1. Being away from the ligand (no atom under 16 Å from the Cβ) and surrounded by 14 or more Cβ atoms within 10 Å (Cβ to Cβ): is that true of Leu259 here?
2. Of the residues Ile281, Ile320, which is under 26 Å from the mean Cα position of the chain (by Cα), in contact (Cβ under 8 Å) with a residue 60 or more places away in the chain and within 15 Å of the ligand (Cβ to nearest atom)?
3. Does Trp409 fit the bill of being more than 14 Å from the ligand (Cβ to nearest atom), among the hydrophobic types (A, V, I, L, M, F, W, C) and either within 25 Å of the chain's Cα centre (by Cα) or not in a helix (DSSP H, G or I) (or both)?
4. May I ask you to list the residues in region 440-465 that are surrounded by fewer than 17 Cβ atoms within 10 Å (Cβ to Cβ) and away from the ligand (no atom under 16 Å from the Cβ)?
5. So which residues in region 332-348 are in a helix (DSSP H, G or I) and among the charged types (D, E, K, R), if there are any at all?
6. Among the numbered criteria (1) within 17 Å of the chain's Cα centre (by Cα); (2) within 16 Å of the ligand (Cβ to nearest atom), which single criterion is violated by Asp193?
7. Would you point out which residue out of Val483, Val471, Val504 is on the phi < 0 side of the Ramachandran plot, in contact (Cβ under 8 Å) with a residue 12 or more places away in the chain, away from the ligand (no atom under 16 Å from the Cβ) and touching a helix residue (DSSP H, G or I) at 6+ places or on another chain (Cβ under 9 Å)?
Amino acid sequence: MTIVSTAIGLVVDFRWYIIAALVVVYSAKGYAEYRRLRAFNGPFLAQWTDLWLAKAAFGTNQCGALADVCANYGSIARVGLNTLVTTSPDLIIRMSAARSGYSKGDWYAGTRIPPGQDNIFSQQDDEKLARRRAQMADGFSGKTNPSLEPTIDKHVCSLVNLLRSKYISTTESFRPVDMARKIGFYAMDVITDLAFGKPYGNLENDKDMYDYIQLTEAMIPVVVRMSAIPVLRTLFQTEWISKALFPSDTSEAGIGRLLGIAKKQVSQRYANKNIDHQDMISSFIAHGLTETDLVAESVMQILAGGETPATGFRSTLLFIITNPRVYATLQKEIDNALKTDGMISRPVVKDREWRQLEYLQAVVREGLRLCPPVTGLLSKVSPAGGDEFVVDGERVFIPGGTNIGWACWGMYRDKAVFGEDSELYRPERWLEEQNQDKLERMRKVVDLNFGYGKYYCLGRQVALSEMHKGVFELFRNFDLEIVNPARPWKSQNLGSWIQREMLVRVTERK
Ligand code: HEM
């Protein structure tokens, strides 16, 4: 007791010295951190603190804020004490290239679900990641996993059936449908079917089963925001804090419920592993994933592959139905293909068939350009010795251990790459460009939507198939009109997208 009271007395007596020492240490550290990245410009707050980053992360237009910083301060700009963002596709390609010295930064660690358990996305060790990618690649490939395309087709049919059975308007009746929600149902059914071998059944029940979409809409922004801000990231990664915050796998809804379902489904499949299924889980088991790995990977697939194709599909649909020229041209391409004997299968267009439809592909690519589904920072960290890089004709040195995220919203609107009208939704740009090098560059930049090199998205083919089939079948079957062109939907970017209330009038095609 006497020792404690003596210590408290000393602290009180010397409080001003202690406060002064703390201020000096903090300022010296802050100054050293400021100097380390002083070659990069950025907002004043971002030179000295992480407050600018926190403000952007907690706003509702995170990707726009990052793009503005690069527009104002250069294609590599400073947004925090140890964080840069870039609109340079060449830097993004360099960081993710197969043998680059860069690795995934701490941003990714916030995506360990359940807490403490790595999955393919959160894995920061390049060697372990390469091993895991090799184990999982076959499950994502249509060549080695014949169940992928039929699974997607099944849910395209369910989407069409749902619209036809409940939401057809006529001159006598008006039955607006929230397409933002139904597309979310579609994407979630596809991914749960692929990941667990059984869909959630959202489309069949016309319901957000287990409130999953509602709760992930609430949860993902929290994770993405926490990951963006270094101090919160450190807190969230502290095991007991993340465990305390994370819902248990016995929760009745949301991510806890997802984890519970994943555990149950995986353990059933694991027990039956010798039975000959030809799907994703069996491919992963055959490549040596343990039961614990499988749970973490199936949850991650749902988080990585649920909302992302839905965002691509929804925004593309909105661009089409609010643009009469695009609508008419697309419909004509679809109708002509349908009139050509044997070109298009029923009930759902095949992957090899939509790949022959140039305008449809341009429509989807342009949608991904203007509304990129993945907008979180995805920060990579520079190699220990730093890196030299030429940007906008100038050689810059990036010190070792620096986090570099992307400002993809700005990158996809670069006039030098996409032309003066880069803000405009104009699929024709993909068909009119005569200069093959320029076209190739445009393609390469938009394909960065799926990452690059050693971190390239494993679900790209699945996502493209979902989006192209979905768009084709909606316009094969229906006419679509936006109900309120003055407020077509509610869309916010919180690091990930929340898109809702997209009311559409659906009529049968004559
Ligand atoms: C339009 C839809 C999609 C987009 C735009 C997209 C984009 C991305 C991006 C940007 C990354 C991270 C790259 C990086 O870390 O640098 C990624 C990783 C990943 N994606 Fe996708 N994705 C989509 C759909 C899907 C789907 C449907 C699945 C699953 C079926 C999926 C599975 C994965 C996996 C497993 C990874 C981790 C790869 C790794 O870190 O090695 N994605 N995706």
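Just so it is clear, none of the values below were taken in a lab; they were calculated from the coordinates. Keep in mind that what you see is a predicted model, and the values were worked out from it rather than measured. Methodologically, a virtual Cβ is constructed for each residue, glycine included, from the backbone with ideal geometry; neighbour enumeration extends over all protein chains shown.
1. Here the answer is yes, as Leu259 does meet what is asked.
2. The unique qualifying residue is Ile281.
3. So Trp409 does not fit the description; no.
4. Those that are surrounded by fewer than 17 Cβ atoms within 10 Å (Cβ to Cβ) and away from the ligand (no atom under 16 Å from the Cβ): Glu440, Arg441.
5. Answer for region 332-348, where residues must be in a helix (DSSP H, G or I) and among the charged types (D, E, K, R): Lys332, Glu333, Asp335, Lys339.
6. Going through the list (1) within 17 Å of the chain's Cα centre (by Cα); (2) within 16 Å of the ligand (Cβ to nearest atom), Asp193 breaks only (1).
7. Val504
Conditions (1) buried (at least 16 other Cβ atoms within 10 Å of the Cβ); (2) without any contact (Cβ under 8 Å) to a residue 60 or more places away in the chain, marked per residue:
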position: Ser382; (1), (2): yes, no
position: Asp387; (1), (2): yes, no
position: Thr402; (1), (2): yes, no
position: Phe418; (1), (2): yes, yes
position: Arg429; (1), (2): yes, no
position: Gln434; (1), (2): no, yes
position: Lys438; (1), (2): no, yes
